[in-house]
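Structure record follows, encoded as structure tokens.
The values are calculated or read from the model by the stated rules, or taken from the named source; none is laboratory data. Since the structure is predicted, the reported quantities are computational estimates derived from the model, not experimental observations. Ideal geometry is used to build each Cβ from the backbone, glycine not excepted, and the neighbour counts take in all protein chains shown.
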Amino acid sequence: TSEIPSDEAIAREATLDDIETVAARLGLAPEDIERYGSNKAKLTQDAVDTARERGRNGSLVLVTGITPTPKGEGKTVISVGLAQGLSHLGENVAVAVREPSLGPVFGIKGGAAGGGYSQVLPMEDINLHFTGDIHALTAAHNLVSAMLDAHVHHGNELDIDVDRISWTRSLDVNDRALRETVVGLGGSVNGPPREDGFGITAASELMAVLCLASDLADLRRRVGRIVVASDRDGAPVTVDDIGATGAVSALLRDALRPNLVQTIEGVPAFVHGGPFANIAHGTNTLVADDVGLAYTDYLVTEAGFGADLGAEKFLDIVAREGAAPETVVVVATVRGLKRHGLDMWPADFDVLAKPDPDAVRDGLPNLFHHVNTIRDFGLPVVVAVNRFPDDTDAEVDAILDACANREIPAAVSTAHAEGGPGAAELAELVREQVESGQANLRPTYELDDSLREKITAVATRVYGAADVTFSKQAEKDLGRLAEQGFDSLPVCLSKTPYSLSDDASNTGVPTDWTLHVRELYPAAGAGFVVALTGDVMTMPGLPAHPAALDIDVDDDGTIHGLF
Ligand SMILES: Nc1ncnc2c1ncn2[C@@H]1O[C@H](COP(=O)(O)OP(=O)(O)O)[C@@H](O)[C@H]1O
Ligand SMILES: O=COP(=O)(O)O
Ligand SMILES: [Mg+2]
């Protein structure tokens with residue numbers, strides 16, 4: 001067992017700088033921030049506008065990873081640790097990560113604020129209510145639902161087909177009981193009854209819109225374009241059509257401004273936006289990246305799950321409008337590679353804790369698949385071996401030796417246990433790769449490719465699929481999307497994160513497999529088409545022993561059990 005105190009104990013021991021001191025490290029004056037207490041702030045609109053004028057001077061470093069276990073392999077920890085490591089090298093640096101969703105906080109994964117001596121603080125605030133952005137998104141999302149049902153109730157002038165309302169409701173909770181619901185029961189005063197359901201707020205298209213909008217005017221245009229239903233002629237009905245655009249934009253006005261906090265070592269941290277990468281595009285807001293790049297020389301940011309999900313979506317969707325990375329860090333862990341080497345699903349963490357260098361070696365093909373994917377995008381890669389306390393030298397060396405044999409720059413990080421100094425070697429390697437100037441991003445597909453070609457390109461070149469099949473429903477969707485002019489949008493594939501394929505039990509690098517696309521729908525506001533594969537759900541469920549069982553608060557207000 002590791003002798004490192006719990007994340008919560010470390011967070012409680014930490015002394016935080018006043019948020020104005022942190023802002024000053026970015027060259028921001030007190031009037032550039034709106035304080036939310038002494039350790040949190042939002043940037044003012046003026047500060048965001050000034051950042052836009054300054055342009056993206058800094059270099060973006062994207063952190064991704066191998067195909068993970070359900071506990072995650074440490075991308076957020078490495079993102080924070082690397083930013084602290086670069087700061088120790090004297091670099092002007094910030095980190096940008098997503099805001100944790102209450103779903104995983106009370107579910108399996110816990111918070112997403114990093115961990116150990118590489119976490120962003122104040123951890124409790126960030127993991128719970130923070131500055132209210134996710135609450136605002138939930139309210140805005142459900143206002144659209146309420147106005148949609150009210151429109152149907154009061155005469156349905158738009159002739160909305162109640163059996164083809166694609167906009168379900170949202171809550172920031174893991175609750176499988178809400179996946180399929182019926183609303184409008186109780187007679188005509190409440191009706192008409194219809195099938196509905198809930199997705200987790202992280203999966204709401206409003207979350208994606210918040211993360212991709214460049215400013216309030218752009219957010220408003222995107223909100224208005226969101227397709228919420230079809231009418232009885234099959235034509236799309238949008239948020240504009242039901243008149244909800246203004247109210248929704250008003251609810252999201254403050255949420256659009258980036259949140260500023262700090263890492264445990266005082267490095268400025270933007271925590272803003274929170275889409276997951278299996279059911280959405282999985283990276284923080286474009287605004288936070290732009291502000292971070294305007295005020296620093298290095299901005300470290302993370303894309304969710306493995307490189308086949310968050311990184312592919314960052315590079316093929318976000319980087320088309322936002323900044324492209326100068327270097328990509330692929331995080332590998334002994335436990336994550338062992339799981340592949342042992343062909344293990346579900347992950348048994350007791351077995352994974354047992355030293356087994358051979359199993360680590362047998363799992364390496366998964367790491368090299370992701371390294372090759374990033375190199376195919378035209379970007380330099382650095383492998384970060386995120387060392388856990390019980391990892392043995394033999395297991396760590398198995399990874400380092402194999403990287404050395406393939407001339408892949410790699411470094412061990414002990415940033416979880418030691419903070420920035422634990423990522424010094426990693427920071428040196430990353431700085432070298434950034435300064436090499438070799439980055440030359442080339443996306444997986446062109447926007448004028450058909451949706452079918454785009455999906456096939458991602459499936460074969462990034463996932464390693466041999467072929468792609470489209471269900472009858474998906475074939476119909478392809479036709480309708482082309483008719484409605486959505487063919488020129490990028491694609492956002494919704495897939496299990498636990499396998500390169502659409503079947504979580506396929507570990508390592510599956511070969512000779514076919515990706516099954518079952519349905520597609522337009523995220524016209526976010527500006528991409530979502531393709532559903534396998535049985536990925538937009539509303540996760542709680543496990544038998546959810547983290548919530550171990551969370552409590554003392555009478556003096558001290559919260560326990562968050563991690
Ligand atoms: N080196 C490490 N030692 C111990 N725990 C770690 C280490 N790296 C990550 N963790 C823990 O593992 C979990 C997943 O880490 P996280 O950075 O959130 O992964 P990801 O962002 O890839 O999902 C978190 O609870 C984190 O505190
Ligand atoms: O979207 C998932 O993000 P993590 O991989 O950081 O949990
Ligand atoms: Mg993370």
Out of the residues in segment 285-299 that are crowded, with 24+ Cβ neighbours inside 10 Å and part of a loop (DSSP other than H, G, I, E, B), state the one that is farthest from the chain's Cα centre (by Cα). Thr296
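Could you please give the count of residues in segment 102-137 that are part of a loop (DSSP other than H, G, I, E, B) and either under 20 Å from Arg35 (Cα atoms) or within 11 Å of ligand 3 (Cβ to nearest atom) (or both)? If you could, list the steps in order and put the result at the bottom.
Pass one, segment 102-137, residues part of a loop (DSSP other than H, G, I, E, B): 106-113, 116-117, 122, 128-132.
Narrowing further to those that are either under 20 Å from Arg35 (Cα atoms) or within 11 Å of ligand 3 (Cβ to nearest atom) (or both): 109-113, 122, 128-132.
So the count comes out to 11.
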Of the residues in segment 311-328 that are at pLDDT 95 or above and of a type in the set (Asp, Glu), the one that is nearest to the chain's Cα centre (by Cα) is Glu312
Qualifying position, being buried (at least 21 other Cβ atoms within 10 Å of the Cβ), within 16 Å of ligand 2 (Cβ to nearest atom) and farther than 15 Å from Thr67 by Cβ, among Glu302, Glu312, Glu395, Glu326: Glu302
Scan segment 109-124 for residues that are aliphatic (A, V, I, L, M) and within 10 Å of ligand 1 (Cβ to nearest atom) and jot them down. Ala112, Ala113
Boolean, Ala96 is at pLDDT below 95 and within 22 Å of Leu315 (Cβ to Cβ): no
Expected single match for buried (at least 18 other Cβ atoms within 10 Å of the Cβ), modelled with pLDDT under 95 and closer than 27 Å to Met537 by Cβ among Ala280, Ala213, Ala255, Ala229 is Ala280
For segment 69-81, does any single residue satisfy the condition of being surrounded by fewer than 24 Cβ atoms within 10 Å (Cβ to Cβ), of a type in the set (A, V, I, L, M) and either within 28 Å of Val383 (Cβ to Cβ) or within 16 Å of ligand 2 (Cβ to nearest atom) (or both)? no
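Determine which member of the set Gly224, Gly187, Gly199 is assigned to a helix (DSSP H, G or I) and modelled with pLDDT of 95 or more. Show your work before the answer.
Working: Gly187 fails: assigned to a helix (DSSP H, G or I); Gly199 fails: assigned to a helix (DSSP H, G or I).
After applying the criteria, what remains is Gly224.
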For segment 196-214, pairs from a residue that is closer than 13 Å to Thr138 by Cβ to a residue that is modelled with pLDDT under 95 and of a type in the set (Phe, Trp, Tyr), with Cβ under 6 Å and 6 or more apart or across chains, are Ala202/Phe276
Among (1) surrounded by fewer than 19 Cβ atoms within 10 Å (Cβ to Cβ); (2) touching a helix residue (DSSP H, G or I) at 6+ places or on another chain (Cβ under 8 Å), which single condition is Thr414 missing? (1)
State the number of residues belonging to segment 35-68 that are more than 16 Å from ligand 2 (Cβ to nearest atom) and either buried (at least 18 other Cβ atoms within 10 Å of the Cβ) or among the β-branched types (Val, Ile, Thr) (or both). 14
From the list Val95, Val22, Val80, Val63, exactly one residue is away from ligand 3 (no atom under 16 Å from the Cβ), among the β-branched types (Val, Ile, Thr) and either assigned to a helix (DSSP H, G or I) or touching a residue at least 60 places away in the same chain (Cβ under 8 Å) (or both). Which is it? Val22
Select from segment 506-542 the residues that are more than 20 Å from Lys313 (Cβ to Cβ) and outside any loop (DSSP other than H, G, I, E, B) and list them in ascending order. Thr514
